[in-house]
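My structure is below; once you've seen it, I'll send some questions.
The values are calculated or read from the model by the stated rules, or taken from the named source; none is laboratory data. On a predicted model such as this, the values are computed, not experimentally measured, just so you know. For neighbour counting, all protein chains shown are included, and Cβ atoms are generated from backbone atoms with ideal geometry for every residue, glycine included. Quick note on the areas: whole protein, heavy atoms, side chains included, nothing else; ligands and nucleic acids left out. Shrake-Rupley method; radii C 1.70, N 1.55, O 1.52, S 1.80 Å.
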Amino acid sequence: MLKSTLTVALLASISIASAQTDFKPEDTEFYEPIPPVVQTAQHAAPSDALVLFDGTNLNQWVSEKEGNAQPEWTISDGVLTVKPGTGGIRTKEEFEDFQLHIEWKSPEVIKGEGQGRGNSGVFLQGKYELQVLDNDDNKTYVNGQAGSIYKQNPPLVEVRKPEDGWHRYDVLYTAPRFNSDGHLIKRGQVTVLHNGVVVQYNTELQGTTEYIGLPKMVAHGPGPISLQDHGDLVSFRNIWIRKL
Ligand code: MG
């Protein structure tokens, strides 16, 4: 049995090898569809991105606390800062699979410890938290430090604060898929680069982010990007997204 299987495999590989020799280089080259052109510049959103925050206004956002009210977070010198107690904010638009870029900075005045120091978060589809935290000399549970998928998966490495204090997250996100009965067909997946370093690599989402208890598998469609008000003066800038 084994011998006959090997013989079939050998014959198949010989026929593939001989077929390969019949190819010309141009047989495996194609010219359409042509990829759209995207203009790029350093520190600027790609030309085909939806800019969520360019330093001037929160037109793309609403408050999570007050329904569709205008967020009360502070904009100063092109930087958006949490206004503690006013609640999180979320995008008006909802997304499925995307590439997200967001920059964040811990509060100038270091206070608190553990989860109480410079805590915020980027909620993917409003449900899955990519943690924002002032990690430097600040011990906490590893699946709650910056770069973690909160309470699910710690970052592969701990990326320290750059000299100017501004962190960058680049997120590649594939939404979970559910059938019409609400059953999970495919888990959501997320890859995160923190200051250019991979900290989440095709991480499978276990379910919604829960502070207490296990993640919950909740069927959903497209969702917003939300930013957390955890009571700390965390700042953001240069936020853009590209649907994939
Ligand atoms: Mg948080």
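Go through the stretch 135-169 and give me each residue that's polar (S, T, N, Q) and surrounded by fewer than 18 Cβ atoms within 10 Å (Cβ to Cβ).
Step one: filter the stretch 135-169 for residues polar (S, T, N, Q), giving 135, 138, 140, 143, 145, 148, 152-153.
ASN143, the sole residue that qualifies.
Among the numbered criteria (1) out of contact with any strand residue (DSSP E or B) (no Cβ under 7 Å at 6 or more places or on another chain); (2) at pLDDT below 95, which single criterion is violated by ILE75?
The one condition ILE75 does not meet is (2).
So, in the stretch 98-134, how many residues would count as being away from the ligand (no atom under 15 Å from the Cβ) and over 21 Å from TRP61 (Cβ atoms)?
4
Tell me yes or no: at least one residue of the stretch 138-158 is acidic (Asp, Glu), away from the ligand (no atom under 12 Å from the Cβ) and modelled with pLDDT of 95 or more. Give the steps one after another, and end with the answer.
Within the stretch 138-158, the subset acidic (Asp, Glu) is 158.
If we keep only those that are away from the ligand (no atom under 12 Å from the Cβ) too, we end up with 158.
Filter again for modelled with pLDDT of 95 or more, leaving 158.
Within the stretch 138-158, one or more residues are acidic (Asp, Glu), away from the ligand (no atom under 12 Å from the Cβ) and modelled with pLDDT of 95 or more.
While we're on this one: Considering only residues that are farther than 30 Å from GLU113 by Cα and either under 18 Å from the mean Cα position of the chain (by Cα) or surrounded by 13 or more Cβ atoms within 10 Å (Cβ to Cβ) (or both), which ones fall in the stretch 211-231?
MET217, ALA219, HIS220, GLY221, PRO222, GLY223
In the stretch 175-208, what count of residues is obtained for those that are at negative phi and open to solvent by 20 Å² or more (accessible area, probe 1.4 Å)?
Count: 17.
Confirm whether GLY67 is more than 20 Å from the chain's Cα centre (by Cα), open to solvent by less than 50 Å² (accessible area, probe 1.4 Å), at pLDDT below 95 and not β-branched (Val, Ile, Thr). Walk me through it before giving the result.
Working: more than 20 Å from the chain's Cα centre (by Cα): yes; open to solvent by less than 50 Å² (accessible area, probe 1.4 Å): yes; at pLDDT below 95: yes; not β-branched (Val, Ile, Thr): yes.
Spelling it out, GLY67 is indeed more than 20 Å from the chain's Cα centre (by Cα), open to solvent by less than 50 Å² (accessible area, probe 1.4 Å), at pLDDT below 95 and not β-branched (Val, Ile, Thr).
Let me confirm something: among THR40, THR7, which residue is hydroxyl-bearing (Ser, Thr, Tyr) and modelled with pLDDT of 90 or more?
Working: THR7 fails: modelled with pLDDT of 90 or more.
Answer to the selection: THR40.
Pick from LEU58, LEU52: which is of a type in the set (A, V, I, L, M) and closer than 26 Å to GLY188 by Cβ?
Working: LEU58 fails: closer than 26 Å to GLY188 by Cβ.
Matching residue, one of LEU58, LEU52: LEU52.
Another one. Among the candidates VAL198, VAL171, VAL234, single out the residue that is under 12 Å from the mean Cα position of the chain (by Cα), within 16 Å of the ligand (Cβ to nearest atom) and in contact (Cβ under 8 Å) with a residue 40 or more places away in the chain.
VAL171
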